[in-house]
Structure formats: structure tokens, C-alpha cells
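Computed from the coordinates by the stated procedures, all read-outs in this text should not be read as laboratory data. Remember, it's a predicted structure, so these values are computed and weren't measured experimentally. Note that each Cβ is placed from the backbone with ideal geometry, even for glycine, and that neighbours are counted across all protein chains shown.
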Amino acid sequence: MQTVIDLKDKIRAVKDFPKPGVIFRDITTALKDAETLKVMIDYLCEQFKDTKIDFIAGIESRGFIFGMPMAYKMNAGFVPIRKPNKLPAETYSQEYELEYGTDKIEVHKDAFFEGANVLIVDDLLATGGTAEAACKLIKKTGANLAGIAFLIELQDLKGREKLSASPKIVSVLKY
């Protein structure tokens, strides 16, 4: 049985991708191994076992990978948080800062019921901009933010500091 500590061995480090000086943490090597995938999902679910979760909100696109099996395991609904113009009904949108410029994410206005407890899930916490925008979207819907879960956190980029609105932040692996 693998442990969380062993998971770092399953993540491929790709130097100078997508640009020189960056070490890209490639999770595809972990995802293709059934036991590793199970350990990651089980660990994330275990961290919120004592928290009432009505919905998992997965951030496009890798948040979908982890969010769907977590929703199934936690008996919660799954709601996608998408890039602009991908959702067919009325949406709330939230802009956030990128290194150069801005981007936006959206969620359906009727995604959650008033007061629902929502856990946001994504693969990576870097600067925190996308996750912070997702937190603001949850608030716009009238739902409650129950926490945020990530597979990987890049600590040097201090993204966690932007997420003070969250009662609980979990990351499986820290670099």
C-alpha cells in the first residue's frame, strides 16, 4: 500500500516547461497508476470526512479529474467551474489576474442551493488566483465554502495567502 510520502516519486518533474526556469510537475505519471490514483483520491476525501459536503466544485480541467471520484466517494454532487463560454445556462463569472493580463472562470447561477456546503477541488495551487476566483464564485451563488483541496501546492508562490476565505485548505504534496 502506497503512502502520501511515496506519491512524490510518481510525479514527473519536467525542467524548462512551459518556459525556461520552470519545473513542471506532471501528474499524468501518477494518474495512469491505479493504486496511486486511489491513494490520492482517498487521501483528499479523508481530509474532509468530518465536514458536511453537498457539492464538489472542480476547476477546469484537472479539478474535474479529482473532483468527480471525490464527489462519488463522498456522496456529493459535482459542479464544474469552467472557462468562459463553456456553460450553456446563465452564469456568474469571476475575473482573476495572470502573470500578464487576466482570465475568467464561470459557474452556473443555479449550480448550488442556498447555504450548500461546497468543496473546491483543483490539481495545483500556485499563485492562488484561480482558486481565489472560485471562492468568490461560490460566495456569489449563496453557497458556503467548506474548503479547498489540491493535489500539489507550490509553496514558494504563496498561493495559500490569497485563500483566507477558506475554512480549510488541503494539499497532498508540497514542493
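Could you tell me which of rounded, prolate or oblate describes the stretch 116-175, using a ≥ b ≥ c as the square roots of the eigenvalues of the alpha-carbon gyration tensor, with rounded for a/c under 1.5 and, failing that, prolate when a/b is larger than b/c and oblate otherwise? Prolate. Net charge near Gln155: determine it from the other residues with C-beta under 14 Å of the C-beta of Gln155, scoring Lys and Arg +1 and Asp and Glu -1. Every neighbour counted, the sum reads +3.
When both the stretch 1-74 and the stretch 87-160 are represented by their alpha-carbon centers, they are found 17 Å apart. The local environment of Ala111, defined by Cβ-Cβ distances under 13 Å, has a net charge of -1 under the rule Lys, Arg +1 and Asp, Glu -1.
Note on the chain: with a GNM built from Cα contacts shorter than 10 Å, the maximum mean-square fluctuation among Leu151, Leu125, Leu31 falls on Leu31. Ranked by the mean number of other Cβ atoms within 10 Å of their residues, highest first, the peptides 129-138, 66-75 come out as 129-138, 66-75.
Counted residue by residue at 0.36 nm each, then reduced by the alpha carbon distance between them, the extension gain from Lys38 to Val14 reaches 6.3 nm.
In terms of the Cα gyration tensor, with a ≥ b ≥ c the square roots of its eigenvalues, is the chain rounded because a/c is under 1.5, prolate because a/b exceeds b/c, or oblate? Judged from the Cα gyration tensor, the chain comes out oblate (a/c at least 1.5, b/c at or above a/b). Straight-distance candidates among the aspartates and glutamates for linking to Lys168, with alpha-carbon spacing under 19 Å and chain neighbours fewer than 8 residues away dropped: Asp42, Glu46, Asp50, Asp54, Asp122, Asp123, Glu132, Glu153. Here the stretch 51-174 carries DSSP beta bridges of which approximately 30% are antiparallel, counting only pairs with both residues inside.
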